[in-house]
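Novice: Please read through the structure below; I'll follow up with questions.
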Amino acid sequence: MVSFGTQPGSRSYLGMIGVALKMLMGDPVKYFGLVFGIGFSTLLMSQQASIFVGLLTWGANPVLDVRQAQIWVMDPRVKQPDQGQPISDQSLYRVRSVDGVAWAVPYARSAATVKTMQGNIAAVTLVGVDNQSMVGLPEENLANSMEAIRGRNAAILDGNTTHLIWSDGRDPIGEAVEINDNRVVVTGLTSSLTNFSGLPTLYMKYSDAIAITPPERNKLSFVLVEAKPGIAPEALAQRISEVTGLKALTRQQFAAAGTQFIIENTGIPISFGAAIGLGILVAVVITALTLAMFVAENLKNFGALKAIGVTNRQILVMVLSQALLVGFIGYGIGIGGTAAFLYFGQADPSLRGFKALGEIVGGSALLVMVIALGSAYVSVRKVLKLDPAIVFRG
Amino acid sequence: MSLISPQAALIDQVIKEFPSGNDVIRVLHGISLGIDYGKMTMLVGPSGCGKTTVLSILSGTLSATSGTVTVMNERLDRLKNDDLVRFRRRKIGFIFQQYNLIPTLNVAENAAIPLISDGVAWEDALNQSGRMLDHLGLGPHKAKYPRQLSGGQQQRVAIARALSHNPALVVCDEPTAALDAASGQAVMALLDEAADDPNRAVLVVTHDDRIFSFADRIIRMEDGRVIDDGLSQSLPQKV
């Protein structure tokens with residue numbers, strides 16, 4: 001042991017962190033530059049990632065809307081829920097005959113055009129749900145009960161998209177529309193999850209729905225299946241495929257296929273990936289450059305501190321604490337901005353259901369902290385290697 | 001306090017070489033000298049003669065290529081880096097030509113840096129540095145920032161910083177080079193008072209002949225060698 005005392009404790013680090021934060025906040029241009037840069041990039045990353053995930057979810061929402069069925073059976077060529085490729089009516093009975101099936105019901109999904117009594121026309125997604133069980137309807141009622149669908153040519157409309165058919169804000173209950181020369185009356189409102197097409201969804205009894213769609217040999221889009229208790233849906237889906245030759249996917253598998261279809265067949269991943277990448281780039285460039293400038297401008301002061309007896313570890317802690325401070329504040333501002341955007345965006349139907357998932361919130365925090373601490377470490381390396389005697393060299 | 005050695009610092013046969021491309025440049029040629037307690041020693045000579053290198057080696061901020069460096073009975077050339085840094089923090093006070101005050105800390109905080117970095121609680125460190133600032137006549141300026149002070153006042157803050165932890169050796173690199181004559185004299189008067197402490201040695205590197213009169217001893221250097229060690233008769237006597 002040398003004769004000039006022991007190493008100072010953690011209080012010396014706390015004290016130097018105080019010095020470091022005063023050094024940083026005393027330079028408002030760089031301080032606010034760092035906070036703004038990190039805040040902006042956090043906003044860009046988390047907001048764009050939230051929208052991206054929201055858009056991907058749209059591809060799965062037609063499946064997720066139907067909570068009662070465990071398995072979807074379809075034509076083997078179908079890749080996603082909005083891809084209509086009808087199968088024969090006999091398919092329903094063949095599926096029902098498969099061992100392990102508790103029940104199987106028909107589900108029709110097709111595009112249609114409605115004409116209002118006011119002369120407006122609008123494209124809609126027409127869904128036909130099982131006449132008896134109503135399996136296929138969303139669970140949330142906005143107006144009237146689901147029983148309102150039971151009348152002849154009665155329809156339940158997705159209440160979130162009413163404005164796409166009637167732009168004057170009227171109550172659609174009781175309104176009549178014409179579909180393929182058939183009169184249909186809106187008798188109830190439900191709340192569907194937003195789908196990728198963005199079109200209003202109109203729900204009718206299966207028998208009514210297939211009756212008003214244009215004539216074609218097959219009109220059954222999917223068979224919705226529930227497994228008997230104790231039967232794993234995955235195993236039953238495989239058995240249905242083997243027995244019927246149709247494609248059978250569990251609800252989760254088909255929902256995932258819907259999002260996968262968007263990933264593989266649209267430019268959305270590239271455009272949002274570019275925006276998120278830009279956010280990361282902004283964070284790296286602004287944080288790294290500003291911290292490097294800050295350290296460079298304070299190089300003499302750091303040299304003096306080293307000469308006076310401030311250790312490299314203390315200087316490292318000082319610069320990392322500066323990075324952590326601007327990282328925390330900038331991240332808070334950025335993620336707060338994203339939360340505000342998504343909160344107020346709920347009023348806009350095109351953003352309905354978008355949310356910042358925990359993975360996005362946590363991932364953004366991790367990225368920002370890695371960037372801030374990494375930039376700080378790169379910047380401070382010069383100081384750590386700095387010869388303290390430099391302070392005597394004018 | 002009884003001292004083991006009358007000399008605060010001693011370098012013996014010190015050689016210092018710096019790399020220059022494929023060659024090395026020798027800036028100190030086997031220098032030996034000692035710095036006494038209770039005295040102000042001035043190291044003078046033309047630019048490039050090696051006086052700042054001697055100061056750097058004596059203060060433990062630069063290592064010698066060969067030779068021994070002993071400060072307060074510690075062989076600095078044998079200390080590990082962490083111990084050397086701790087030694088500087090506790091035993092040596094530094095005064096730089098350009099003051100090197102941190103512009104975003106106020107006067108009291110700047111003067112408290114050696115204490116804060118050594119783990120003294122923030123408030124205690126400010127109180128201790130505040131007493132030193134009061135002693136140096138800077139009490140009314142404690143809450144000000146360096147940019148609000150004159151050059152002379154800033155150098156006095158640097159002196160407060162150098163003395164706040166009561167070091168046994170104070171090294172000063174051209175402390176008056178950036179000051180006018182009156183401010184320089186005021187700063188040197190404070191350093192002279194600090195050097196009167198029998199438990200402290202003050203080493204000043206300078207080529208400002210206006211302050212030679214404050215020296216107890218003047219060591220002249222030229223081309224990396226000591227050419228004269230002692231108070232020259234041709235220089236004014238200490239005031």
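Any read-out appearing in this document is the output of simple, stated calculations on the displayed coordinates, not a laboratory observation. As the structure is a computational prediction, the values presented were derived from the model and not from experiment. Backbone-built Cβ (ideal geometry, glycine too); neighbour counts: all protein chains shown.
Novice: For an R0 of 56 angstrom, estimate the FRET efficiency from the Cβ-Cβ distance between B:V24 and A:R11 and round to the nearest 0.05. Don't skip to the answer; put the middle values down first.
Specialist: On the way: r = 43 Å, r/R0 = 0.77.
It comes to 0.85.
Novice: If the stretch B:21-61 were replaced by its equivalent ellipsoid, with semi-axes equal to the square roots of 5 times the Cα gyration tensor eigenvalues, what would those be, largest first, whole Å?
Specialist: On the way: eigenvalues 109, 27, 17 Å².
Semi-axes (√(5λ), whole Å): 23, 12, 9.
Novice: If each residue of separation counts as 0.36 nm, what is the full-extension length gain between A:H163 and A:D99 once their alpha-carbon separation is subtracted? Present the calculation step by step, with values, prior to reporting the outcome.
Specialist: Working: separation 64, 0.36 × 64 = 23.04 nm, distance 4.55 nm.
Fully extending the segment from A:H163 to A:D99 adds 18.5 nm.
Novice: If you don't mind, another one. Please list, by residue number, every one of the trypsin sites (Lys or Arg not before Pro) in the stretch A:60-168 that is coil in DSSP and has at most 15 other beta-carbon atoms within 10 Å. Mind showing how you got there, number by number?
Specialist: Details: sites: A:R67, A:R77, A:K79, A:R94, A:R96, A:R109, A:K115, A:R150, A:R152; in loops: A:R67, A:R77, A:K79, A:R150, A:R152.
Answer by residue number: A:R67, A:R77, A:R150, A:R152.
Novice: Can I ask one more? Averaged across orientations, what area in nm² does the convex hull of the alpha carbons in the stretch B:108-182 project? Walk me through the numbers before you get to the answer.
Specialist: Numbers: hull surface 20.8 nm².
Directional mean of the projected Cα hull area for the stretch B:108-182 stands at 5.2 nm².
Novice: Let me ask another. May I have the extent of the alpha carbons of the stretch A:282-390 along their three principal axes, as whole Å values ordered from largest to smallest?
Specialist: Dimensions of the stretch A:282-390 along the principal axes of its Cα atoms: 65, 20, 16 Å.
Novice: Using only atoms on other chains, find how many Cβ atoms lie within 10 Å of each Cβ of peptide B:46-55 and report the average. Before the final figure, lay out each step's value.
Specialist: Values: counts 0, 1, 0, 0, 0, 1, 4, 3, 0, 2.
So the per-residue partner count for this stretch is 1.
Novice: Now, a different point. Could you sort out which of A:K300/B:K91; A:K306/A:K385; A:K205/A:K247; A:K22/A:K306; A:K300/B:K80 sit more than 20 Å apart by Cα distance in this structure?
Specialist: Numbers: A:K300/B:K91 22 Å; A:K306/A:K385 11 Å; A:K205/A:K247 24 Å; A:K22/A:K306 18 Å; A:K300/B:K80 24 Å.
Violating the 20 Å Cα-Cα cut-off are A:K300/B:K91; A:K205/A:K247; A:K300/B:K80.
Novice: Next up: Report the relative contact order of chain A, percent, no decimals, based on alpha-carbon pairs under 8 angstrom and at least 6 residues apart. Can you show the working numbers first?
Specialist: Numbers: 685 pairs, mean separation 114.1, N = 394.
For chain A, the relative contact order is 29 percent.
Novice: Testing the spin-label approximation: label points 7 Å from Cα along Cα→Cβ at B:N199 and A:A347. State their distance in nm.
Specialist: Between B:N199 and A:A347, the label points sit 7.2 nm apart.
Novice: Okay, next question. Mind listing which trypsin sites (Lys or Arg not before Pro) in the stretch B:54-111 are in a DSSP loop and have 10 or fewer other Cβ atoms within 10 Å? Provide the component values of the computation, followed by the final result.
Specialist: On the way: sites: B:R75, B:R78, B:K80, B:R86, B:R88, B:R89, B:R90, B:K91; in loops: B:K80.
In loop regions of the stretch B:54-111 (DSSP not H, G, I, E or B), the sparsely surrounded trypsin sites (Lys or Arg not before Pro) are B:K80.
Novice: Please determine, in degrees from 0 to 90 and to the nearest 10, the orientation of helix A:251-265 with respect to the longest principal axis defined by the Cα atoms of chain A, where the helix direction is its Cα long axis.
Specialist: The angle comes out at about 70 degrees.
Novice: Against the 2.2 N^0.38 Å scaling, with N counting residues, where does chain B land? I'd like the Cα-based Rg ratio to two decimal places. Numbers along the way, then the final one.
Specialist: Values: Rg = 17.6 Å, N = 239, 2.2 N^0.38 = 17.6 Å.
Compared with the compact-globule rule of thumb, chain B sits at 1.00.
Novice: For the stretch A:88-245, just run the numbers: alpha carbon Rg, then divide by 2.2 N^0.38 Å, N being how many residues it has.
Specialist: Details: Rg = 16.8 Å, N = 158, 2.2 N^0.38 = 15.1 Å.
Here the answer is 1.12, to two decimals.
Novice: Using +1 on the beta carbon of Lys and Arg, -1 on that of Asp and Glu, and nothing else charged, what's the dipole of the stretch A:225-382 about the Cα centre, debye to 20?
Specialist: Working: 11 positive and 7 negative charges, 103 e Å.
The calculated dipole for the stretch A:225-382 is roughly 500 debye.
Novice: Right, here's the next one. Determine which residues of the stretch B:69-93 fall in the zone a paramagnetic label at B:I15 would reach in this model, i.e. backbone nitrogen under 16 Å from the point 7 Å along Cα→Cβ.
Specialist: B:69
Novice: Compute the signed sum of charges (Lys and Arg +1, Asp and Glu -1) over the other residues within less than 11 Å, Cβ to Cβ, of B:L126.
Specialist: Details: positive: B:R131, B:K142; negative: B:E109, B:E123, B:D124.
Local net charge: -1.
Novice: May I pose another question? What number comes out for the charge environment of A:F302, summing +1 per Lys or Arg and -1 per Asp or Glu over other residues with Cβ under 13 Å away? All intermediate terms of the calculation are to be shown ahead of the outcome.
Specialist: Numbers: positive: A:K300, A:K306, A:R381, A:K382, A:K385; negative: A:E297, A:D387.
Around A:F302, the surrounding residues sum to +3.
Novice: Between A:M25 and A:E297, how high is the FRET efficiency from 1/(1 + (r/R0)^6) when r is the Cβ-Cβ distance and R₀ = 25 Å? Nearest 0.05.
Specialist: Details: r = 15 Å, r/R0 = 0.59.
So the FRET efficiency works out to roughly 0.95.
Novice: Something else now. Using helices alone, I'd like the mean residue ellipticity at 222 nm for the protein assembly as shown: each DSSP H run of four-plus residues gives -39500 (n - 2.57), total over residue count, nearest 500. Provide the component values of the computation, followed by the final result.
Specialist: Numbers: 17 runs with 267 residues, N = 633.
Helix contribution divided over all residues of the protein assembly as shown: -14000 deg cm²/dmol.
Novice: While we're looking at this one, here's another question. Relative contact order of the stretch A:88-245, please, whole-number percent, based on alpha carbon pairs below 8 angstrom and at least 6 residues apart.
Specialist: Details: 309 pairs, mean separation 55.3, N = 158.
Here the relative contact order equals 35 percent.
Novice: Turning to a different aspect of this structure: Given points 7 Å out from each Cα along the Cα-Cβ axis, report the A:A123 to B:E222 separation in nanometres with one decimal.
Specialist: Calculated label separation equals 9.6 nm.
Novice: Taking R0 as 45 Å, what's the FRET efficiency between A:S133 and A:E359 from their Cβ-Cβ distance, rounded to 0.05? Each step should come with its number before you reach the end.
Specialist: Values: r = 36 Å, r/R0 = 0.79.
The formula returns an efficiency of 0.80 here.
Novice: So the label point goes 7 Å from the Cα of B:N73 along Cα→C-beta, right? Which residues of the stretch B:157-174 then have their backbone N under 16 Å from it?
Specialist: Those under the cut-off are B:168-169.
Novice: Also, I was wondering about something else. Once the Cα atoms of chain A are picked out, what are the Rg and Dmax in Å?
Specialist: 30.4, 101
Novice: If Rh is defined by the Kirkwood formula over all Cα pairs and Rg also comes from Cα, what ratio Rg/Rh do you get for the stretch A:162-206?
Specialist: Values: Rg = 11.2 Å, Rh = 11.9 Å.
The Rg/Rh ratio comes out at 0.94.
Novice: At a 10 angstrom cut-off on C-beta neighbours, averaged per residue, how do the peptides A:180-190, A:199-209 rank from highest to lowest?
Specialist: The most tightly packed comes first, giving A:199-209, A:180-190.
Novice: What net charge is computed for the residues neighbouring A:S192, neighbours being all others with C-beta under 9 Å from the C-beta of A:S192, Lys and Arg scored +1, Asp and Glu -1? Could the numbers behind the result be given before it?
Specialist: On the way: positive: none; negative: A:D65, A:E140, A:D158.
Once all neighbours under 9 Å are counted, the net charge is -3.
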